[in-house]
Amino acid sequence: MPIECFPDAEAQCADLAKIIRPQLNPGTMLVGIHSGGAWIARRFSELLGLPDEIGLIDVSFYRDDYGEKGLHPQVKPTSIPFDVENRPLILVDDVLYTGRTTRAAINELFDYGRPASVRLAVLADRGGRELPIYAEFCAWQVELDPREELILEPDENGKLRWRLEKHG
Amino acid sequence: MDNPPLSNPQISADGALTHLLSTEGLPREILLNILDTASSFLEVSDRDIKKVPLLRGKSVFNLFFENSTRTRTTFEIAAKRLSADVINLDVARSSTSKGETLLDTIDNLVSMHADMFVIRHISSGAPHLIAEHLNRIDRSDIHVINAGDGRHAHPTQGLLDMFTIRHYKKDFSGLKVAIVGDILHSRVARSDIHALNTLGVAEIRVIGPQTLLPAAMKTMGVQVANDLREGVGGCDVIIMLRLQNERMNGALLPSAREYFRCYGLKPEILALARPDAIVMHPGPMNRGTEIDSEVADGSQAVILKQVTFGIAVRMAVMSLLAGN
């Protein structure tokens with residue numbers, strides 16, 4: 001797929017925020033998964049007028065492939081600056097694929113307390129699920145070859161954009 | 001048997017950290033990776049549930065052939081916060097005293113499916129011997145952490161000292177670091193000096209009475225001073241070492257009072273260092289011997305933060321090793 005065909009990630013953020021807005025429960029907080037999810041969560045927090053405080057999760061300490069792959073070389077600290085107990089949460093990630101990252105993030109969240117609910121918002125769902133996980137909010141359904149990796153990154157002006165990387 | 005003199009069994013053929021034996025020869029990128037990873041573990045200890053599942057199902061054996069409550073406890077806490085099972089062996093009172101050799105003890109624990117050994121030993125090189133043994137019997141999947149061997153090395157203390165310095169000073173270049181006290185018998189001093197050299201500080205000064213300074217110190221890339229006032233002047237970091245009481249009996253020092261008079265860190269001496277200098281100590285400290293209470297409890301002392309950071313650093317080392 002040539003790079004020109006990729007949807008505008010910033011526009012996707014805005015579209016998704018519109019879908020989320022009517023379904024926001026009072027007291028909802030955002031939790032972004034490092035690093036793509038964290039950028040998107042910051043966009044949502046501006047677009048939806050939510051508090052500046054957002055949770056950030058690095059799932060490296062909870063991954064199920066640690067035994068084979070070891071520790072991720074650049075682990076970022078997890079930071080949940082609010083009380084998770086009884087709080088409605090929206091977990092934010094860039095790409096939903098096998099569901100294993102989401103599983104790890106949910107496990108980590110529960111070590112902070114018992115949230116009232118956890119819903120998942122992603123910019124892209126590329127199928128290929130290996131766990132019973134579902135994104136309630138999703139901007140883009142896309143089919144990709146397993147050797148392709150969809151990467152979200154900021155350009156030189158800080159605007160989010162998609163890039164495709166081919167492996168093997 | 002082929003045994004090259006410069007063998008470094010802590011790094012595998014592909015450059016990964018397999019064991020942690022010494023900060024000497026520890027590549028800069030591995031050292032920095034440990035410090036970065038430790039930063040991420042700091043937050044885990046602040047949670048309600050102070051645990052992550054990384055080492056779930058792994059067995060960590062604490063083998064302390066020499067007593068140390070604090071180091072053993074911090075290793076135990078670190079392993080437990082990674083969800084490992086921790087087995088503390090009171091080796092001083094068990095098999096070794098019945099005549100079993102060190103490597104026979106290790107082989108028995110390997111048969112009990114150990115995944116990691118944390119070893120403290122009075123003999124320099126004991127953890128090295130065990131790591132080489134494990135590599136030789138093709139069990140480098142079992143990792144060794146040196147928790148202090150003789151006068152040789154105490155790498156996790158060295159790493160937590162580097163973590164503490166970076167936490168307060170951000171950058172190593174340009175720093176002047178003073179290490180004060182019994183350098184001769186101090187594995188902490190050696191581990192600090194190797195790590196500080198790797199990280200590229202501007203100047204390392206070792207300060208102590210002539211009887212407690214090893215003759216070969218200058219070859220380690222440090223400045224040597226016998227006068228505390230001169231040595232501490234303009235420093236950014238002051239690392240005080242514990243004076244072991246048994247040194248008094250060996251004719252190396254006249255008395256604890258005399259030592260405090262010449263080498264104890266007192267407020268008026270600390271005032272000669274930079275105003276934002278930090279004071280560190282690996283503990284347990286002897287108030288009134290190497291450090292004045294006013295300094296130990298003062299705003300420049302970061303001694304208790306070192307203890308907190310030590311847990312995060314040990315979590316980082318264990319999780320990086322177990323993943324390699």
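The values are calculated or read from the model by the stated rules, or taken from the named source; none is laboratory data. Worth saying up front: this structure is predicted, and the values here are computed from it rather than measured. Glycine gets a Cβ as well: all are built from the backbone with ideal geometry, and neighbour counts include every protein chain shown.
Here are the numbers for this structure:
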read-out	value
Residues that are buried (at least 24 other Cβ atoms within 10 Å of the Cβ) and either among the charged types (D, E, K, R) or under 19 Å from B:HIS121 (Cα atoms) (or both), drawn from region B:160-182	B:ASP161
Members of region B:284-302 that are touching a His at 6+ places or on another chain (Cβ under 9 Å) and in a helix (DSSP H, G or I)	B:ALA296
Qualifying strands (runs of 3 or more DSSP E) (wholly inside region B:174-283; at least 3 residues being on the phi < 0 side of the Ramachandran plot and free of Cβ contacts under 8 Å to residues at least 24 places away in the same chain)	B:223-225
Meets criteria (closer than 23 Å to B:THR73 by Cβ, modelled with pLDDT of 95 or more and within 14 Å of chain A (Cβ to nearest Cβ)) for B:ALA301	no
Test: residue in region B:27-36 that is more than 11 Å from every other protein chain (Cβ to nearest Cβ), in a strand (DSSP E or B) and modelled with pLDDT of 90 or more	no
Residue match in region A:17-37 (condition: within 14 Å of chain B (Cβ to nearest Cβ), assigned to a helix (DSSP H, G or I), at pLDDT 95 or above and surrounded by 15 or more Cβ atoms within 10 Å (Cβ to Cβ))	no
Count of residues meeting criterion [surrounded by fewer than 23 Cβ atoms within 10 Å (Cβ to Cβ) and either free of Cβ contacts under 8 Å to residues at least 60 places away in the same chain or closer than 22 Å to A:TYR66 by Cβ (or both)] in region A:79-93	8
Yes/no for B:VAL60 being within 24 Å of B:ASN108 (Cβ to Cβ), outside any helix (DSSP H, G or I) and either more than 10 Å from every other protein chain (Cβ to nearest Cβ) or not acidic (Asp, Glu) (or both)	yes
Matching residues in region B:195-219 - criterion: being closer than 15 Å to B:GLY231 by Cα and at pLDDT 95 or above	B:ALA202, B:GLU203, B:ILE204, B:ARG205, B:VAL206, B:ILE207
Pairs where the first residue, in region A:99-112, is under 18 Å from A:ARG87 (Cα atoms) and the second is assigned to a helix (DSSP H, G or I), C-beta under 8 Å, 6+ apart	A:ALA105/A:VAL59; A:ALA105/A:TYR62; A:ASN107/A:TYR62; A:GLU108/A:VAL59; A:GLU108/A:PHE61; A:GLU108/A:TYR62
Region B:235-249: number of residues that are of a type outside the set (Lys, Arg), surrounded by fewer than 23 Cβ atoms within 10 Å (Cβ to Cβ) and out of contact with any strand residue (DSSP E or B) (no Cβ under 6 Å at 6 or more places or on another chain)	5
Qualifying residue in region B:85-108 (condition: closer than 24 Å to B:LEU160 by Cβ, of a type in the set (Gly, Ala, Ser) and not in a loop (DSSP other than H, G, I, E, B))	no
Members of region B:261-286 found to be surrounded by fewer than 19 Cβ atoms within 10 Å (Cβ to Cβ) and at pLDDT 95 or above, listed by number	B:LYS266, B:PRO267, B:GLU268, B:ALA271, B:LEU272, B:ARG274, B:PRO275, B:ASP276
Region B:39-52 - residue that is of a type outside the set (Lys, Arg) and surrounded by fewer than 18 Cβ atoms within 10 Å (Cβ to Cβ) and, of those, farthest from the other protein chains (Cβ to nearest Cβ)	B:SER45
Of all residues in region A:1-16 being at pLDDT below 95 and assigned to a helix (DSSP H, G or I), the one that is surrounded by the fewest Cβ atoms within 10 Å (Cβ to Cβ)	A:GLU4
Residues of region B:19-42 classified as of a type in the set (Ser, Thr, Tyr) and more than 18 Å from the chain's Cα centre (by Cα), total	1
Hey, B:ALA256 touching a Gly at 6+ places or on another chain (Cβ under 8 Å) and modelled with pLDDT under 90 or not	yes
